[in-house]
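Input: a single structure, listed below in structure tokens.
The values are calculated or read from the model by the stated rules, or taken from the named source; none is laboratory data. Computed from a predicted structure; not experimentally measured. So basically every Cβ, Gly included, is an ideal-geometry build from the backbone, and we count neighbours across all protein chains shown.
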Amino acid sequence: IFRSEKQNISICLTKKNKSVSFSLLTNLLYEDERKMKKVTTGRDTMSDFAPQFAELNDDVLFGEVWSREDKLSPRDRSLVTISALMASGILGDPLLHHIQRGKANGITEEEISEALTQLAFYAGWPKAWAALRYAKEVYHE
């Protein structure tokens, strides 16, 4: 077994019909920065006023739901979230934050531009203008 700081690579031998097959398994041993940072926005802003809401925001939504990468990748969750926020007309800080998060989760400038252009026809042109302004700001920082 070879181990590096970021990967655990193991070679497994199995017998199948008198032949030996090799399987190379790579398991990441580290969690990238986005996983290591625990979201505390709810507690930071609402714990004194709405502690249950703050807990659900941080632990359930951004803790449990966003971490289910075997069900939907963070990139895809970001696309869905950005689309829902834009379509709902939530065009302020939450949309800006999720566009930033989407970029960090691997959504390219071309993809966000194309997704928001597509959404313009279904969610509304003015909403798309607002969302595209945020995206331009995020991707041209």
Just the residues that are within 22 Å of Asn105 (Cα to Cα) and not in a helix (DSSP H, G or I), please, taken from the range 41-76.
Trp66, Ser67, Arg68, Glu69, Asp70, Lys71, Leu72, Ser73
Take Ala120 and tell me if it is at pLDDT 95 or above, within 18 Å of the chain's Cα centre (by Cα) and either loosely packed, with under 13 Cβ neighbours inside 10 Å or in a helix (DSSP H, G or I) (or both).
no
Residues being touching a residue at least 12 places away in the same chain (Cβ under 8 Å) and among the polar types (S, T, N, Q): count how many of those fall in the range 46-73.
3
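Out of the residues in the range 91-117 that are part of a loop (DSSP other than H, G, I, E, B) and without any contact (Cβ under 8 Å) to a residue 40 or more places away in the chain, which is surrounded by the most Cβ atoms within 10 Å (Cβ to Cβ)?
Result: Ile107.
Quick grid of which residues meet (1) modelled with pLDDT of 95 or more; (2) under 17 Å from Val39 (Cβ atoms); (3) in contact with a helix residue (DSSP H, G or I) (Cβ under 6 Å, 6 or more places away or on another chain):
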site: Gln52; (1), (2), (3): yes, yes, no
site: Leu61; (1), (2), (3): no, yes, no
site: Leu85; (1), (2), (3): yes, yes, yes
site: Ile90; (1), (2), (3): yes, no, no
site: Ile99; (1), (2), (3): yes, yes, yes
site: Gly106; (1), (2), (3): yes, no, yes
site: Glu111; (1), (2), (3): yes, no, no
Output for the range 70-111, where each listed residue is of a type in the set (Asp, Glu) and under 9 Å from the mean Cα position of the chain (by Cα):
Asp76
Report, by residue number, each residue of the range 123-141 that is part of a helix (DSSP H, G or I), of a type outside the set (Gly, Ala, Ser) and either touching a residue at least 24 places away in the same chain (Cβ under 8 Å) or closer than 20 Å to Ala104 by Cα (or both).
Lys127, Leu132, Arg133, Tyr134, Lys136, Glu137, Val138, Tyr139
Ser88: passes all of (1) closer than 21 Å to Thr40 by Cβ; (2) surrounded by fewer than 17 Cβ atoms within 10 Å (Cβ to Cβ); (3) among the polar types (S, T, N, Q) but (1)
Leu85 - would you say it is touching a His at 6+ places or on another chain (Cβ under 9 Å) and part of a helix (DSSP H, G or I)?
yes
